[in-house]
Amino acid sequence: MENNNKQSKRNVNNFLNKVKNVEDKWKFDRFKKEKISKEFSETKTDEEGNSKENKTFKDTYVMKEPDYIKLYIKDIVLLSELPVSLTDFIVALLKNINYNGQIVLNSSIKKQLKETLKLSSIQVVDNKLTQLKKADIIRTVDRGVFAANPFFFGRGKWEDIREQRDNWIKISYKDNKKSIQTSFSENEEDYNE
């Protein structure tokens with residue numbers, strides 16, 4: 001178990017270094033906000049039956065969706081140093097992702113994956129899931145429920161994906177140290193840079 005935690009921490013650290021390098025190279029501003037105006041209307045009817053419509057506008061600021069580059073599953077597999085044979089499995093798996101970034105895999109869906117991909121057994125499906133978990137491509141949420149890494153995959157509104165990212169990994173700086181906490185770590189890890 002300790003080796004898995006160490007490997008997971010190395011994967012997180014490697015991933016963060018890759019993200020930082022890309023952000024530095026492409027000069028991303030991940031905290032840039034976008035103004036969104038919403039219109040609200042309310043219709044009131046007085047005692048005489050006359051209707052009056054009241055319109056109000058409310059401005060909110062949300063994290064702007066970052067510029068993106070189309071990244072192919074095959075590239076994610078290569079960047080994560082996974083076997084290329086996982087490419088088709090990831091594509092088939094992601095067809096089941098919901099708007100919460102979760103993938104529900106009951107025995108019926110696992111059987112469908114096995115048949116669609118012409119795998120020899122359900123155990124092969126489970127082995128591929130284990131490989132994806134070790135690479136932090138997915139995480140176990142509950143029995144038969146997995147969360148897809150929102151830094152790679154997202155479905156739905158940007159605000160929701162941003163929240164999923166914030167819950168996936170938290171970085172804070174204190175006393176000249178960078179602390180990283182992930183949704184699977186019990187304690188924060190300090191990294192000196």
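If I ask for residues that are among the acidic types (Asp, Glu) and within 16 Å of Asn11 (Cβ to Cβ), which ones from region 136-150 would you list? Talk me through it step by step, then tell me what you get.
Taking region 136-150 and keeping what is among the acidic types (Asp, Glu), we get 136, 142.
Across region 136-150, the qualifying residue is only Asp136.
Suppose the filter is modelled with pLDDT of 70 or more and of a type in the set (A, V, I, L, M); does Ile69 pass it? Talk me through it step by step, then tell me what you get.
Numbers: modelled with pLDDT of 70 or more: no; of a type in the set (A, V, I, L, M): yes.
Answer is no for this residue.
Every residue, every condition in (1) at pLDDT 90 or above; (2) touching a strand residue (DSSP E or B) at 6+ places or on another chain (Cβ under 6 Å); (3) β-branched (Val, Ile, Thr), yes or no:
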position	(1), (2), (3)
Asn106	yes, no, no
Ser121	yes, no, no
Phe153	no, no, no
Ile171	no, yes, yes
Thr182	no, yes, yes
> Taking region 90-145 on its own, how many of its residues are of a type in the set (S, T, N, Q), in contact (Cβ under 8 Å) with a residue 24 or more places away in the chain and assigned to a strand (DSSP E or B)?
Replying inline: 1
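The values are calculated or read from the model by the stated rules, or taken from the named source; none is laboratory data. What you see is a predicted model, and the numbers here were worked out from it, not measured in a lab. Backbone-built Cβ (ideal geometry, glycine too); neighbour counts: all protein chains shown.
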